[in-house]
1. Quick one: is Y14 more than 25 Å from K52 (Cα to Cα) and in contact (Cβ under 8 Å) with a residue 12 or more places away in the chain?
2. Residues in the range 15-22: is at least one more than 13 Å from the chain's Cα centre (by Cα) and modelled with pLDDT of 90 or more?
3. State which residue is surrounded by the fewest Cβ atoms within 10 Å (Cβ to Cβ) when the search covers only the range 31-42 and only residues that are outside any loop (DSSP other than H, G, I, E, B) and at pLDDT below 90.
4. What number of residues within the range 10-30 satisfy the criterion of being out of contact with any helix residue (DSSP H, G or I) (no Cβ under 9 Å at 6 or more places or on another chain) and either outside any loop (DSSP other than H, G, I, E, B) or loosely packed, with under 15 Cβ neighbours inside 10 Å (or both)?
Amino acid sequence: MGKMKIWYDEEGDYLELGFGKKKGYMKDIGNDMWERIEEGKVTGISILNFKKRLKKGKSEVKLPLEVSFKEVAR
């Protein structure tokens, strides 16, 4: 799948996490979050108002999806 890319726009409070570079589309999954779909597979997620979701003293945000990773031989 490749390296994960993380991009954050502080002014817009917008976070993107993802893999892949192929043509795809964004699917609205509600609550200011979107999945990036490429060839029928979820390859990323975007979150608007990311910092606002962080509760005071916590550094995690619960997402409405499950992710699994597989180790790749180098």
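1. Against the criterion (more than 25 Å from K52 (Cα to Cα) and in contact (Cβ under 8 Å) with a residue 12 or more places away in the chain), Y14 does not qualify.
2. Of all residues in the range 15-22, those more than 13 Å from the chain's Cα centre (by Cα) come to 21-22.
Still in the list and also modelled with pLDDT of 90 or more: none.
No, every residue in the range 15-22 fails to be more than 13 Å from the chain's Cα centre (by Cα) and modelled with pLDDT of 90 or more.
3. To start, the set of residues in the range 31-42 that are outside any loop (DSSP other than H, G, I, E, B) comprises 33-38, 41-42.
Checking the rest, the ones that are also at pLDDT below 90 come to 41-42.
Working: K41: 13, V42: 18.
The extreme case among them is K41.
4. Initially, the range 10-30 is screened for residues out of contact with any helix residue (DSSP H, G or I) (no Cβ under 9 Å at 6 or more places or on another chain), giving 11-12, 16-30.
So of that shortlist, the ones also either outside any loop (DSSP other than H, G, I, E, B) or loosely packed, with under 15 Cβ neighbours inside 10 Å (or both) come out as 11-12, 16-18, 21-23, 25-30.
Residues flagged as out of contact with any helix residue (DSSP H, G or I) (no Cβ under 9 Å at 6 or more places or on another chain) and either outside any loop (DSSP other than H, G, I, E, B) or loosely packed, with under 15 Cβ neighbours inside 10 Å (or both) within the range 10-30 amount to 14.
The values are calculated or read from the model by the stated rules, or taken from the named source; none is laboratory data. Fair warning: this is a prediction, and the values are worked out from it, not measured in the lab. Don't worry about glycine lacking a Cβ; one is built from the backbone with ideal geometry, like all the others, and counts go over all protein chains shown.
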